[in-house]
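No lab work stands behind these numbers, since they all come straight from the coordinates. A quick note: this is a predicted structure, and the numbers were derived from the prediction, not measured. As a convention, Cβ positions derive from the backbone with ideal geometry for all residues, glycine included, and neighbour counts pool all protein chains shown.
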Amino acid sequence: MANLAVHEEDVLIKEQGYDDHFHDHHHGDNYQSGFLMHYVFSMDHKIIARQFLITGMIWAIIGAAMSVVFRMQLGFPEESLTWIKPFLGKWIVVDPATGVGKLSPEFYYALVTMHGTILVFFVLTAGLSGTFSNLLIPLQIGARDMASPFLNMLSYWFFFLAGIVMFYSLFLSTGPFSGGWVAYPPLSALPQASSGSGAGMTLWLVSLTLFVVSVLLGGINYITTVLNLRTKGMSMWRLPLPIWAFFVTAILGLLSFPVLVSGFFMLICDRSLGTSFFLSDIFIAGQALDRVGGSPILYQHLFWFLGHPEVYIIILPAMGIVSEVMSVHARKPIFGYRAMVYSIMAIGFLSFIVWAHHMFMAGVNPFLSNFFVVFTLIIAVPSAVKVFNWITTLYGGNLRLNTPMLFAIGFVSLFISGGLTGIFLGNSAIDIQMHDTYFVVAHFHIVMGVAAFFGMFAGIYHWFPKMYGRFMNETLGKIHFWGTLIGAYAIFWPMHYLGMAGVPRRYYSFDTFDAFRHFTEMNKFITVFAIITFAVQLVFVINFFYSIWYGKKLKVKNPWGATTLEWTTGIEPIHGNWPGKLPVVHRWAYDYNKDEREFVPQHVPLKEGEIGDH
Amino acid sequence: MEAVQTYNRRNRINAQKFALWAAMASIMMMFGAFTSAYIVKQASGNWLEFSLPQAFYFSTGVILISSVLLHYSYVSFKSGMERRYRQFLVMSFVAGVLFLILQYLGWTDLFDRGVDMKGNVSGSFLYLITGVHALHVIGGLAALTVAMIHAFALKFTVTQKRINRFELVLHYWHFVDVLWIYLFLFLMFKK
Ligand code: HEM
Ligand SMILES: [Cu+2]
């Protein structure tokens, strides 16, 4: 049937491609034919990418639903939440006299903690990097698969296990861990400290350790693949920007996650072996514990040495995706390709020497703080270079304002808004007022949370045809975009005012504080928009699954007129990506509108006098 | 669960070796974190000083010897000396086990001198750092066990594939050796 045409080899590749004797060990059509082997224990990078994506989406829905629950308690403390009792059971405490049900404070904290952990690690690290590194690295560099498909599969399954353990912890009778996603001691180090500090924290540690294994296995693989499996002609300076971003991201992960693990080891010793690495001078119910000599700040150092690179582990892939999507849909080469690469590297490097800006108020030496202020503010330079280049790429472009492009542009808007507040926070003097207030919540949700989601959405809408052979619905996509953009700003913009007024984050209720009482209306406003924005995400989920089966079919190989290699593979994905030879690359990835040609794919040979690199 | 052949003639890096080196970088970051935390904690006072147990000096010698033995085994393998290859391999493994025994003796010695895990943080650090290192040595012994199974169960042939496999074990074993020397000197001079 149509299969023949679909699998047909690109003429250029056929004539000029690189022959790696793929057919010699081709397995034919019965390769991994069973459902179990094909969809579950798959070693194909394209399937693993989908596994990461769908698992990430499930976690995103769970994590976002949690935020809606705690926002309802925060925005409408006097309304009854009895109607969610069927789901949350004893965590909704019903006042027998009035019949008004409230979220129990313990569970409020547990939800905040789980929301952060799930979104940061499971969704924006695994769901984002895992999906797109897996999908794009082999396809865009011209490789048959990852360097080690087996480790790649293990990487997914460790992530899956981490998820199972965390999910299980939600159902503990003492509840999941509730001491914040950063898991500072003593709440994390003393099992008796709070209800979630016991079994909940133990499972949190187990889950995140499994998660780190997954990140390391994945990262080693991504790095090896990029260095080793690039097709002929694909020099590093011809790599599309997403690949650069994934590459640096993997290096960051490889160097920073082990430090977190060492912190975890010490935490485990404090919890189970009676050591006092992070504990000193603790009183419980007036009684002094005999654990002395440790320092909770030590944990903060170890955590943020991972924690800050981690935020870039989240945002760099989004930046890479946005650069690509933007260039394709602006029909213009990305502006300043090399500057983009150098700023990715600079951001990656600087991200290791700024961690103490999370600790200005934790008692680090103010003299040392000065160094961290300077390095922190320097990060704004490569960040600004990137923003400038995106805007310049848009300038004078022949813009296609479709959903992926809108999300890419939205990303830039969010990154600017959130980056500017970072510069406020980076000054240790201003941070005295802002630290641990809603200003910080606003900052990192805009610059990391929402922006990274926008990068991810841009990527999903853009590469959906490559993943599923169909398009997502544009109308629903646009509703999704505008709803999310307006919703996100409506939620997080007011939080800056709350924060400047000193409203602390992670509080269950502000009733007893006269200073914050007049913010009741603003909190209602935020909650209403949180609910609306959540509903808009359901539009996306419906669009996604509907389009997998009923979306408009992809009829041509290269629907966007893009230059990168993934669009030279057949419409129907095959194992090994290219049926015969591998494409050979002759030019960089951004030849748009060049010498009267609308776009020139990377595997088209150079004309006389033409330059392939930029 | 079969994977596609991703390699071709053009790939210059040996992926397994590269992955091992990346993993070693990761492990170094972890120990770097331990020793940095040690320095930071030490600087803030309340720090008990004690001298390292004698057994650690012996264990340092033993793990060095073990590394050298494995190196000779590797050289013998490459030059086709079947018997020496096997002998040195086994001797290296035995030295590795001896290292662990000496570490254990060192811990009990410290414990008898009143330095225990739960006491002053300086002691906790020592047990933690040497303990996590010992775990990595156990990992190395597992790899050596596999190498011994290969040495005795497989027919002796010197192929590139087997050389590569041997090199993986060799590099890792040298790595835990060098790592220990770093930790030993660190603990000796920063006590
Ligand atoms: C111009 C660049 C940036 C600067 C100067 C900056 C500065 C800061 C500072 C000083 C804090 C600590 C505030 C406090 O706790 O008192 C902070 C928090 C945070 N930033 Fe940024 N930031 C920047 C960009 C980013 C980016 C790009 C991301 C993520 C993609 C990010 C994610 C976060 C997160 C997650 C937190 C809060 C963590 C928590 O306490 O839970 N920031 N930022
Ligand atoms: Cu930071």
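Cα to Cα, under 18 Å, and not fewer than 8 places away if on the same chain: which aspartates and glutamates meet these conditions relative to A:Lys552?
A:Glu474, A:Glu572
Over 10 Å intervals from 0, what percent of Cα-Cα pairs in the range A:105-213 sits in each interval?
It works out to 15, 41, 24, 14, 6, 0, in whole percents.
Within the range A:184-202, find all residues whose amide N lies under 15 Å from a label point positioned 7 Å from the Cα of A:Ser272 along Cα-to-beta-carbon.
Residues A:189-191, A:198-202 qualify, since their backbone N sits under 15 Å from the label point.
Along the charge dipole of the range B:48-191, pointing to its positive end and built from +1/-1 on Cβ of Lys, Arg, Asp and Glu, which listed residue (B:Ala147, B:Trp107, B:Ser67) has its Cα farthest out?
B:Ala147
What is the extension gain from A:Phe76 to A:Phe349, computed as 0.36 nm multiplied by their sequence separation minus the C-alpha to C-alpha distance, in nm to one decimal?
93.9 nm
Suppose every K and R has +1 on its Cβ and every D and E has -1 on its Cβ; what is the size of the dipole of the range A:19-174 about the Cα centre, in Debye to the nearest 20?
Around 500 debye, computed over the range A:19-174.
Run the paramagnetic zone check for A:Trp237: 7 angstrom along Cα to Cβ, then residues of the range A:324-347 with backbone nitrogen under 17 Å.
A:334-345
Around A:Thr275, which amide H atoms from residues at least 5 apart in sequence, or from another chain, sit under 5 Å from its own amide H, with H modelled in the peptide plane?
Residues meeting the criterion, in which the H sits 1.01 Å from N, are A:Asp270.
Okay, helix-only estimate at 222 nm for the protein assembly as shown: each DSSP H run of n ≥ 4 adds -39500 (n - 2.57), divide by all residues, round to 500 deg cm²/dmol; what do you get?
-21000 deg cm²/dmol
Given the C-alpha atoms of the range A:259-315, compute the convex hull and give its volume per residue in Å³.
Details: hull volume 5.1 nm³, N = 57.
Looking at the range A:259-315, the number lands at 89 Å³ per residue.
Considering only A:Leu135, A:Ala189, A:Trp482, whose Cα is most displaced toward the positive end of the charge dipole of chain A, charges sitting on Cβ of Lys, Arg (+1) and Asp, Glu (-1)?
The residue sitting farthest along the positive end of the dipole is A:Trp482.
Could you sort out which of A:Lys14/A:Lys553; A:Lys46/A:Lys607; A:Lys386/A:Lys478; A:Lys14/A:Lys478; A:Lys386/A:Lys581; A:Lys478/A:Lys555 sit more than 30 Å apart by Cα distance in this structure?
A:Lys46/A:Lys607; A:Lys14/A:Lys478; A:Lys386/A:Lys581
If you find the alpha carbon centre of the range A:511-553 and of the range B:86-140, how far apart are they in angstrom?
Between the Cα centres of the range A:511-553 and the range B:86-140 lies a distance of 54 Å.
For the range A:246-263 and the range A:442-482, what is the separation of their C-alpha centers, rounded to whole Å?
If you average the Cα positions of each part, the centres end up 26 Å apart.
With axes computed from alpha carbons, what is the tilt in degrees of helix A:131-141 against the longest principal axis of chain A, rounded to the nearest 10 within 0 to 90?
30 degrees
To test your reading of the geometry: what angle, between 0 and 90 degrees and rounded to tens, separates the Cα axis of helix A:403-426 from the longest principal axis of chain A?
40 degrees
At q = 0.11 Å⁻¹, what log₁₀ I(q)/I(0) does a Debye calculation on the Cα points of chain A give, no solvent, two decimals?
So the normalised log intensities work out to -1.08.
Run the dipole for the range B:56-189 about the Cα centre, Lys and Arg Cβ at +1, Asp and Glu Cβ at -1, nothing else charged, and hand back the magnitude in debye, nearest 20.
In debye, rounded to 20, the range B:56-189 gives about 660.
What are the residues whose amide H is under 5 Å from the amide H of A:Val585, where those residues sit 5 or more places off or on another chain and H is modelled from the backbone?
For A:Val585, the qualifying residues are A:Lys232, A:Gly233, A:Met234.
Once you treat every alpha carbon in the range A:197-327 as an equal point and sum by Debye, what is log10 I(q)/I(0) at q = 0.10 Å⁻¹?
-0.47
Would you list, by chain and number, the lysines whose Cα falls below 28 Å from the Cα of B:Lys41, excluding same-chain residues fewer than 8 positions away?
Straight-line reach from B:Lys41, under 28 Å: B:Lys118, B:Lys190, B:Lys191.
Within the range B:153-184, report the chymotrypsin sites (Phe, Trp or Tyr not before Pro) that DSSP leaves as loop and that have at most 16 other Cβ atoms within 10 Å.
Qualifying residues, ordered by number: B:Phe156.
So for the range B:4-111, averaging the separation of alpha carbon pairs under 8 Å that are six or more residues apart and normalising by length, what relative contact order in percent results?
28 percent
How high is the relative contact order of chain A? Use alpha-carbon pairs under 8 Å, at least six apart in sequence, and give a whole percent.
Rounded, it is 18 percent for chain A.
Would you mind working out the magnitude of the charge dipole of chain A relative to its Cα centre, with +1 at each Lys and Arg C-beta and -1 at each Asp and Glu C-beta, to the nearest 20 Debye?
580 debye
Under a cut-off of 17 Å between alpha-carbon atoms, report the lysines in cross-link reach of B:Lys161, not counting same-chain residues fewer than 8 places apart.
B:Lys17, B:Lys78
Ignoring the sites themselves, what is the longest stretch of chain A with no chymotrypsin sites (Phe, Trp or Tyr not before Pro) in a DSSP loop and at most 11 other beta-carbon atoms within 10 Å?
That would be A:172-394.
Using only Cα atoms and rounding to the nearest 10 degrees, what angle (0 to 90) does helix B:82-112 make with the longest principal axis of chain B?
10 degrees
If you wrap a convex hull around the C-alpha atoms of the range B:56-189 and split its volume per residue, what is the figure in Å³?
92 Å³
So if a site counts as exposed when it's one of the GluC sites (Glu not before Pro), its DSSP state isn't H, G, I, E or B, and it has at most 10 other Cβ atoms within 10 Å, what's the longest stretch of chain A without one? Spell out each step's value before the answer.
On the way: sites that count: A:Glu78, A:Glu596, A:Glu608.
Between the exposed loop sites, the longest stretch runs A:79-595.
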